[in-house]
């Protein structure tokens with residue numbers, strides 16, 4: 001048998017030696033260092049896990065016995081690339097002291113067309129077989145849609161159908177919607193994200209494809225709960241990056257990166273994450289291997305990326321897709337207003353105590369009674385700006401939104417970014433109380449507000465002496481405010497504290513233009529909520545109008 005463990009070790013050494021990150025991104029160099037460190041840990045007497053070379057080699061050998069079922073290849077069976085070997089050797093080689101798998105969760109993130117599904121499919125067959133030692137294993141191939149869920153499962157089915165020896169050895173039978181293992185009573189089935197229909201499952205392994213596309217954690221939560229009794233369960237996530245979203249992927253991505261960086265100690269979580277680094281030129285083909293490890297053995301892949309790069313340069317509408325699919329980098333919609341990388345560079349913390357004596361400008365966006373309401377405060381000190389805010393949402397609306405596949409407000413409520421009020425409509429008394437408290441704590445000069453749906457609350461706040469100022473909705477008012485904010489964040493002169501709700505809202509902003517090319521956020525065509533972003537724009541507009549900022553002749557801020 002081929003020594004796959006040696007291949008994985010050599011791959012790790014190569015990554016660690018690549019200090020200039022010519023071939024390996026920062027995350028994969030961290031993954032390699034973690035592997036070497038874990039091998040040393042595994043040899044210690046009090047280690048929580050050990051390394052089983054035989055098991056590590058066995059899974060790789062099994063995968064390489066599977067036939068190709070897509071495309072044209074020089075060999076009839078799969079030949080693992082070292083990037084795949086590196087991942088599988090760790091996933092199946094490290095075991096807890098009771099002999100079960102160390103890693104119960106694993107993430108393999110890579111640009112498209114790098115064989116992630118082709119490798120995940122035989123892994124599913126291995127987990128179904130008696131080789132994995134499970135009694136009555138249930139393997140689930142899950143995704144947002146039925147068609148997506150059947151991709152990994154369908155590849156596995158075609159592999160099993162072509163391999164007569166495999167079916168005979170393990171008693172596999174391929175049915176219309178399942179692969180059955182008669183030797184151990186196991187099944188391998190596709191499941192989509194209609195989580196409410198998945199009761200009764202008891203999965204031993206879940207292969208979740210394209211997790212970036214999940215709008216909520218509903219399917220993950222259902223399957224996680226169902227797998228609770230399994231001693232050696234596995235959740236394997238395979239994905240390419242996606243557009244900015246409020247689903248489970250941002251949290252999973254952040255947790256994975258924190259694990260590799262060592263800021264989170266997660267012995268149960270394995271990560272391989274291939275992408276271009278922040279400072280890489282996305283059109284430099286020497287960098288593409290960082291997100292596309294198969295590029296060194298697949299000339300067709302290189303040619304395809306070259307073509308996509310050329311089109312992305314010439315057609316801005318294709319740039320976001322190129323960043324996502326070929327560079328494995330998150331992107332906003334091709335029509336989006338914000339430069340997400342520049343925005344993320346402004347995530348320094350906001351010291352509210354320091355800002356209590358500084359003149360402050362506010363924007364208040366009040367939505368429908370059963371929706372998200374947002375406030376943003378805005379300060380400028382010596383050419384550097386700061387923003388902090390608060391959102392409110394009715395409890396019933398937050399639950400309804402979560403269950404219907406819209407933004408996952410529940411996580412942001414738990415983290416304190418959204419204040420959840422009682423009932424099924426906005427509790428304006430809570431918003432009023434918070435506004436009065438903020439007015440007493442900060443030196444608020446002006447509060448710009450959208451007059452739609454705001455009259456009663458605004459009247460009460462005005463009676464309390466708050467400096468309310470109507471912000472006329474339209475390009476002539478929004479344009480200078482958006483230009484001001486754009487200048488501030490693009491030159492790094494903004495601190496927003498990394499607020500995820502604001503980041504999500506900014507990613508949803510699509511501009512509309514009048515005949516003079518003055519811009520405003522297009523609420524009607526935005527892919528999702530923009531309330532916190534609109535509040536920030538209005539706060540910036542209040543600041544610009546109050547401080548007599550220079551304006552172009554084609555527009556003016558209408559704050560009255």
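If residue 431 meets every condition in (1) over 32 Å from the mean Cα position of the chain (by Cα); (2) within 22 Å of residue 372 (Cβ to Cβ) apart from one, which number is that one?
That leaves (1) as the condition not met.
Residues being free of Cβ contacts under 8 Å to residues at least 24 places away in the same chain and in contact with a helix residue (DSSP H, G or I) (Cβ under 8 Å, 6 or more places away or on another chain): count how many of those fall in the range 69-103.
Going through the range 69-103 one residue at a time, the tally reaches 2.
Of all residues in the range 220-243 being touching a strand residue (DSSP E or B) at 6+ places or on another chain (Cβ under 6 Å) and not in a strand (DSSP E or B), which is surrounded by the fewest Cβ atoms within 10 Å (Cβ to Cβ)?
232
Go through (1) in contact with a helix residue (DSSP H, G or I) (Cβ under 7 Å, 6 or more places away or on another chain); (2) surrounded by fewer than 20 Cβ atoms within 10 Å (Cβ to Cβ) for residue 165 and report which single condition fails.
(1)
From the set of residues in the range 346-382 that are part of a loop (DSSP other than H, G, I, E, B) and touching a helix residue (DSSP H, G or I) at 6+ places or on another chain (Cβ under 8 Å), which is farthest from residue 444 (Cα to Cα)?
Checked the range 346-382; the qualifying residue farthest from residue 444 (Cα to Cα) is 370.
Please go through (1) modelled with pLDDT of 95 or more; (2) over 25 Å from the mean Cα position of the chain (by Cα); (3) loosely packed, with under 15 Cβ neighbours inside 10 Å for residue 379 and return the number of the only condition it doesn't satisfy.
Failed condition: (3).
Which residues, counting only those in the range 430-458, are more than 21 Å from residue 547 (Cβ to Cβ), in contact with a strand residue (DSSP E or B) (Cβ under 9 Å, 6 or more places away or on another chain) and assigned to a helix (DSSP H, G or I)?
Those that are more than 21 Å from residue 547 (Cβ to Cβ), in contact with a strand residue (DSSP E or B) (Cβ under 9 Å, 6 or more places away or on another chain) and assigned to a helix (DSSP H, G or I): 430, 431, 434, 435, 457, 458.
Return yes or no: is residue 409 crowded, with 18+ Cβ neighbours inside 10 Å and over 22 Å from residue 216 (Cα atoms)?
no
Would it be correct to say that residue 110 is closer than 24 Å to residue 26 by Cα and touching a residue at least 40 places away in the same chain (Cβ under 8 Å)?
Judged against the criteria, residue 110 is a match.
So, of the residues in the range 412-448 that are exposed (fewer than 14 other Cβ atoms within 10 Å of the Cβ) and in contact with a helix residue (DSSP H, G or I) (Cβ under 6 Å, 6 or more places away or on another chain), which turns out to be modelled with the highest pLDDT?
Across the range 412-448, the extreme among qualifying residues is 422.
Report whether or not residue 516 is at negative phi and either surrounded by fewer than 18 Cβ atoms within 10 Å (Cβ to Cβ) or under 27 Å from the mean Cα position of the chain (by Cα) (or both).
yes
Consider residue 107 carefully, then state whether it is closer than 16 Å to residue 274 by Cα, assigned to a strand (DSSP E or B) and touching a strand residue (DSSP E or B) at 6+ places or on another chain (Cβ under 7 Å).
Against the criterion (closer than 16 Å to residue 274 by Cα, assigned to a strand (DSSP E or B) and touching a strand residue (DSSP E or B) at 6+ places or on another chain (Cβ under 7 Å)), residue 107 qualifies.
Pick from the range 269-292 the residues that are surrounded by 15 or more Cβ atoms within 10 Å (Cβ to Cβ) and out of contact with any helix residue (DSSP H, G or I) (no Cβ under 8 Å at 6 or more places or on another chain): which of them is nearest to residue 507 (Cα to Cα)?
Checking each candidate, the answer is 291.
The values are calculated or read from the model by the stated rules, or taken from the named source; none is laboratory data. The structure presented is a predicted model; accordingly, all values stated were derived computationally and were not measured. No Cβ is skipped: glycine too gets one built from the backbone with ideal geometry, and neighbour counts run over all protein chains shown.
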